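I have placed the structure first, in the form of structure tokens, so that the comments after it can refer back to it.
The values are calculated or read from the model by the stated rules, or taken from the named source; none is laboratory data. Predicted model only: the values in this text are computed from it and were never measured. Cβ coordinates were reconstructed from backbone atoms using ideal geometry, including for glycine residues, and neighbour counts include every protein chain displayed. Calculation scope for accessible area: heavy atoms of the full protein, side chains included, ligands and nucleic acids excluded. Shrake-Rupley method; radii C 1.70, N 1.55, O 1.52, S 1.80 Å.
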Amino acid sequence: MARSPARRSSKTIDAAPTPRSDDDYLGLALALADRGLGNVWPNPSVGCVLVREGLIVGRGWTQPGGRPHGEARALEQAGAKARNATAFVTLEPCAHHGQTPPCAQALIDAGVSRVVIAAPDPDPRVDGRGGEMLGNAGIDVDWAVQTAALKQNSGFLSRIQKNRPMVTLKVATTLDGRIATRSGESQWITGPPARARGHLLRAQHDAILVGIATALADDPELSCRLPGMTEQSPVRVVLDSKLRLPPDSRLARGAGTLPLWLLTAAGQHSVELTERGAEIMPVRQNDDGRIELSAALAALAERGITRLLVEGGSAVAAAFLAAGLVDRLAWFRAPGVMGGDGLAAFGAMELPILDQMPRFRLEGIDVLGDDILESYVHRG
């Protein structure tokens, strides 16, 4: 019995690549750069996509420790195919010689014909020089500045422009804004999905900060414990003006593995904590004997920290808010009510008038099991 011929699909198979817009490729580059957040300081996390004749021939993002840069990784992947390609980068390519050659020169040497840049680099060593170097070499340069790119690089930009890291304040509360019962019980207010998102926040920040009261009460580890992401744990920072952190605390015991920086008053020292591996950093104090927060942030910026996650407690959260030092607010809210005798998320701020109240703009709401995450950005 003769076999009937195979039926052909009525669809036309087109081997040509589907055209994409510049925004599409920049979106992919931004997604790549997200992978480096919290793991590349003091450098920014830069994504790069190389496209030739509608095909992606190379892609890369800044690697742990800040190098190789994203452009270098993409060029390495593309090889000879980078010639006459378009490079889509999330931040202006560097133009100075550091521990690696300038990325702008690498793009020139590779023979790319066009570079699309999503955000300028305000670093005085760059600040337009990267784009100028490319243009002088005959490469078409398009500045497609995007809000998403500026947001992604907000930590690096803050360090350069404000001499402090971008600060995210994270709180986890009940519906009525309580973080613990009157007896101090707080574990766990939120459920596993919300706690997992909190650990992702840790991985996406260079450092995490708490006050000594929280360190003494909770004995936290302050690491990222998501599977496959434990190596992205942030630098642990404690505001500890009198060096009260016990040498046998979980923070101190882990100092040999994960960096621990203790911001303290001048003249304070502890042989036990130093032997554990903690680094003691003297910082200017206020008249009340507490660490001056602006000085603390400047000290962190000087060490290269670009993104700082503040996890509390209530006094520290209030102090950062009152000082106008909170750029983003990540508010995890559990569907329960604790009542007025529970510990409030924020301590006293002594606001004399309503106009001095810190105000934020809601950016998004994520449902995490029974809990929600409200993301805010400061209106300043």
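Key figures for this structure:
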quantity	calculated
Portion, in percent, of the accessible area of the chain that falls on carbon or sulfur, probe 1.4 Å	49 percent
Integer Hz, Karplus 6.51/-1.76/1.60 couplings in order for the range 49-59, x for Gly and Pro	10, 9, 10, 10, 6, x, 10, 6, 10, x, 8
Amide H within-cut-off set for GLN285, under 5 Å, with H built and near neighbours excluded	GLU292
Net charge contributed by nearby residues that have their C-beta within less than 11 Å of LEU32 (K/R +1, D/E -1)	+2
Long-range amide H partners of ALA180 with built H, under 5 Å	LEU343
Vicinal HN-Hα couplings computed from phi for the range 369-380 (Karplus, 6.51 cos²θ - 1.76 cosθ + 1.60; Hz; Gly/Pro x)	x, 7, 9, 10, 10, 9, 10, 10, 10, 5, 7, x
Two-decimal log10 I(q)/I(0) for the chain, as the Debye equation yields it once each C-alpha is a single scatterer, q = 0.07, 0.09, 0.13 Å⁻¹	-0.39, -0.60, -1.07
Gain on full stretching of the segment that runs from THR230 to ASP34 - 0.36 nm per residue minus C-alpha separation	68.9 nm
By average C-beta atoms within 10 angstrom, highest first, the peptides 163-169, 362-368	163-169, 362-368
Intensity falloff of the range 328-367 expressed as log10 I(q)/I(0), Debye formula with alpha-carbon point scatterers, at q = 0.18 Å⁻¹	-0.83
CD proxy at 222 nm, helix term only [per DSSP H run n ≥ 4: -39500 (n - 2.57); per residue of the chain; nearest 500]	-7500 deg cm²/dmol
Anisotropy class of the range 94-153 from Cα gyration tensor, a/c 1.5 cut	oblate
Extension gain from ARG250 to ARG361, taking 0.36 nm per residue of separation minus the Cα-Cα distance	36.3 nm
Rounded to the nearest 10 Å², the accessible area of GLU374 at probe 1.4 Å	20 Å²
Antiparallel %, DSSP beta bridges [both residues in the range 25-131], to 5	70 percent
Whether the range 60-138 is rounded, prolate or oblate, judged on the alpha carbon gyration tensor where a/c under 1.5 counts as rounded	oblate
Amide hydrogen neighbours beyond the local backbone of ASP127, cut-off 5 Å, H modeled	ASP121
Net charge of Cβ neighbours under 11 Å - reference SER154; Lys, Arg +1; Asp, Glu -1	+4
